[in-house]
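Nothing in this text is a laboratory measurement; each read-out follows from the coordinates by a stated rule. Since this is a predicted model, take the numbers as computed values, not measurements. Reconstructed Cβ throughout: ideal geometry from the backbone, glycine too, with neighbour counts over all protein chains shown.
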Amino acid sequence: MPNPNLTEEFRNIFNTKETPQIFFAPGRINLIGEHTDYNGGHVFPASISFGTYAVARKRTDQQFRFYSMNFAHTGIIPCSLSDLSFNEEHDWANYPKGMIQYIQASGHDISSGADILFYGNIPNGAGLSSSASIEMVTGVLLENLFNLKIDRIDMVKLGQKVENEYIGVNSGIMDQFAIGMGKQDHAILLNCQTLEHEYAPVNLDDYVIMIINTNKQRTLAGSKYNERREQCEQALADLQTALAVQSLGELSKEQFEAHKYVIKNETNRRRAKHAVYENARTIEALEKLRAGDLQAFGELVNASHDSLQHDYEVTGAELDTLVETARKQDGVIGARMTGAGFGGCAIALVEKDKVVHFKQNVNRTYRDKIGYDATFYTAMIGDGAKKITEGEI
C-alpha cells in the first residue's frame, strides 16, 4: 500500500493551511540473540524501513491534540499540558502522552501544546515494536519543535521508562535502543545491562531479509516468558555455588560446559545452555558480518532457531513450520524465529531473485499444515528516529 500524503492529511484533520514538520521512527527486528537480554547477554537488533510517521506543528495554547490514521475511529484525542496522566480512554495516545510527560519531568521546557498526526505502517501484531516506535518518534518530534537538546541514549531510556512505569509493561531496553540508535545498513551488538554497543555492517549484496508473520495470536507468551526467566534464575543460582558470576551472559561456552553439572534440574540446564550459547552466537555474528561472511552469519541464524526450539522450547508448530520450510528453499542461507516466540515472526535470508518462489512455496506448505496464510514483508535496514521531508515518505 502506498503511503498517503501526510501533509495533506494533517491539514484536513486539523483544519489548517500551515505546513507541518514530519518525523519518522522505525520498527526493529532482532537478527540474533533471543532471550539473552534478561540473562545479561547481548542482542543484535536493526531498525527497519517500516515504522511510525508523526506530522506536527506547535500550538499557541497548552493543548495537545493527537490523531492516528491507524485508529481513525478514535478521532482526535485532546489533552492539556497540565494533565498528562495516564487515561485508559486515551488508548494508543497514552504512548505519546507518557513521552511528553517524562521529557518535561527530566528538565526540558515544553512551552506549549501541539497538533500531532500519527501514521504507522508496521504490520499489526507482528512483534516489530510499534509502541517503542511511537515513543521514539514523539521524542524526536518534541526535540525539534521545542529546540530541545536531548542526549539520544537519555531519550531511549525515557522511552523504556514510559513502557515500564507509565504504561506498565515490564520490557527491556532493546526496542527503544534499536529504534533510537539505528543506522542504515548496520545492526547493533548491544549489551542490555551496560548499554555498551557496537555497529556491524550488514552488506546483504544479493540477499534480502524476509520477515514472515505467522499470524498466530500470541496467548501463552506472557506466562511462558516468566517461567523461562525463573528457570534461568534457578540455573544461575546453582552455578553461583561454584562460580563468581552475576549473570549467565558472563559465561563462555567452555565455562558453562565445565560447570553445567552443578545445575541440578535438567530442564534448567538446557535453558541456561541456550542463554550462554546464544550470547556467544551474537558476538560471533558481529565478527562474521564485519568480515563480510554472510554464509557463516546464516549458519549462526540457523543454530539460534535450533537452540530456541530444543533447549529453550519457545517456538511452536507455526514458527517451526515456517523455519523448516524456509530452509528447504533455493537461495536461503538462514532462517529463525525472532522475538519472544510462541507466534509472532520468523526471519529468513533469501536470495533476491528467488523471493517470488520462496513466498509461494513457504506459504503453500504453511497453509497446508497450519490452516491459514502467513504474511511476508521484505525489510530494509534503515536509520533510527529522525526528522524527514515529505519526499522521504
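Observations on the structure shown:
- Tensor-based shape of segment 288-354 (alpha-carbon gyration tensor, a/c under 1.5 rounded, otherwise prolate or oblate): oblate
- Burial ordering of L117, L31, fewest other beta-carbon atoms within 10 Å first: L117, L31
- Stokes-Einstein diffusion coefficient of the chain, Kirkwood radius over Cα pairs, 20 °C, 1.002 mPa s, in µm²/s: 98
- Whole-Å distance, taken between Cα centres, linking segment 372-390 and segment 56-81: 25
- Restricting segment 309-357 to trypsin sites (Lys or Arg not before Pro) in coil, as DSSP defines it, with at most 13 other Cβ within 10 Å: K328
- Dipole magnitude (debye, nearest 20) for the chain, charges at Cβ of Lys, Arg, Asp, Glu: 360
- Fluctuation leader among E34, E278, E227 - the chain, Gaussian network, Cα springs under 10 angstrom: E227
- Relative contact order of the chain, taken over Cα pairs closer than 8 Å and 6 or more residues apart, is 24 percent.
- Each Cα pair under 8 Å and six or more residues apart adds its separation to the average, and for segment 36-109 the resulting relative contact order is 17 percent.
- Listed residue (N12, G40, F50) projecting farthest to the positive dipole end of segment 1-158, Cβ model: N12
- Cα centroid of segment 158-217 to Cα centroid of segment 247-313, whole Å: 19
- Under a model in which nothing but the beta-carbon of Lys, Arg (+1) and Asp, Glu (-1) is charged, segment 149-246 shows a dipole of about 340 debye around its Cα centre.
- Annotation: the residues E89, E18, E284, sorted from fewest to most other C-beta atoms within 10 Å of their own C-beta, follow the order E89, E18, E284.
- Of the residues Q240, Q101, Q309, the one that moves most in a GNM of the chain with alpha-carbon contacts below 10 Å is Q240.
- Residues V202, V262, arranged from fewest to most other Cβ atoms within 10 angstrom of their Cβ, appear as V262, V202.
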